[in-house]
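The values are calculated or read from the model by the stated rules, or taken from the named source; none is laboratory data. Not measured: the values here are computed from a predicted model. Note that we place each Cβ from the backbone using ideal geometry, even for glycine, and neighbour counts take in every protein chain shown.
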Amino acid sequence: MAAADEAATMRAVASGDLEAYGALYASSARVVYGLCLRLLGEAGAAEDAAQEVFLKVWRGAARFDPERGSLRTWILAITHRECLDRLRARGPAAPVRPEDLDLLPDSAMPPEDEAVRSAEAECVRAALASLRPEQRRALTLMYFGGYSQSEIALALHLPLGTVKSRARLGLQALRRWMQAEGVGARGDA
């Protein structure tokens, strides 16, 4: 969907247009639920989180800014934050062990996820592959594994500042790569 179409859709949703909201839901629900399920690990919890995400999308539609990025990116950022909030609210489960981190994919979402098969997923894989290995690992664990920076630092026996630096530098490198390739965010997000 083009930026102008996304902005028009979100203006319609913000004005209370249920048809526009229904179309947005139909085009996004599967990906949102898939990410919730991946991060939360339970179908019921994923359903509840996805429902909350779409409630936040409905209530926050007027805050969508197409200059900062795509609608899909905005919705998935809301999804990611919602799931992380729910994981943190659960409290510490079992301590994260370094060997558990090796079970996560190195640079991509799971193959059954719809986004992996899309052109966007290929772009994400290429962008992540352009990073230094330690930056890629930090971002993969954070965004695809759902780990906090503190959990990563403990599991990898690194100072928290090192993990934060790797994540920040990795995000900066991803932004530069995406700008050079002409993909992704349409502004200075």
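Can you name the condition, by its number, that Asp100 falls short on among (1) at pLDDT below 85; (2) acidic (Asp, Glu); (3) assigned to a helix (DSSP H, G or I); (4) in the same structural domain as Ser15 (by TED's automatic domain parsing)?
It is condition (4) that Asp100 fails.
Quick one: Gly146 ticks every box in (1) part of a helix (DSSP H, G or I); (2) at pLDDT below 85; (3) among the small types (Gly, Ala, Ser); (4) surrounded by 18 or more Cβ atoms within 10 Å (Cβ to Cβ) except a single one, so which number is it?
Evaluating Gly146 over (1) part of a helix (DSSP H, G or I); (2) at pLDDT below 85; (3) among the small types (Gly, Ala, Ser); (4) surrounded by 18 or more Cβ atoms within 10 Å (Cβ to Cβ) leaves (1) as the failure.
Just to verify a result, which residue in the stretch 1-52, among those that are of a type in the set (D, E, K, R) and closer than 15 Å to Leu76 by Cβ, is farthest from the chain's Cα centre (by Cα)?
So the residue we want is Glu6.
Being more than 29 Å from Met178 (Cβ to Cβ) and outside any helix (DSSP H, G or I) is the filter here, so list the residues in the stretch 31-67 that pass it.
Gly41, Glu42
Might you check whether a residue that is assigned to a helix (DSSP H, G or I), modelled with pLDDT under 85, among the charged types (D, E, K, R) and within 24 Å of Ile152 (Cα to Cα) occurs anywhere in the stretch 68-89?
Within the stretch 68-89 (the criterion being assigned to a helix (DSSP H, G or I), modelled with pLDDT under 85, among the charged types (D, E, K, R) and within 24 Å of Ile152 (Cα to Cα)), the answer is yes, since at least one residue qualifies.
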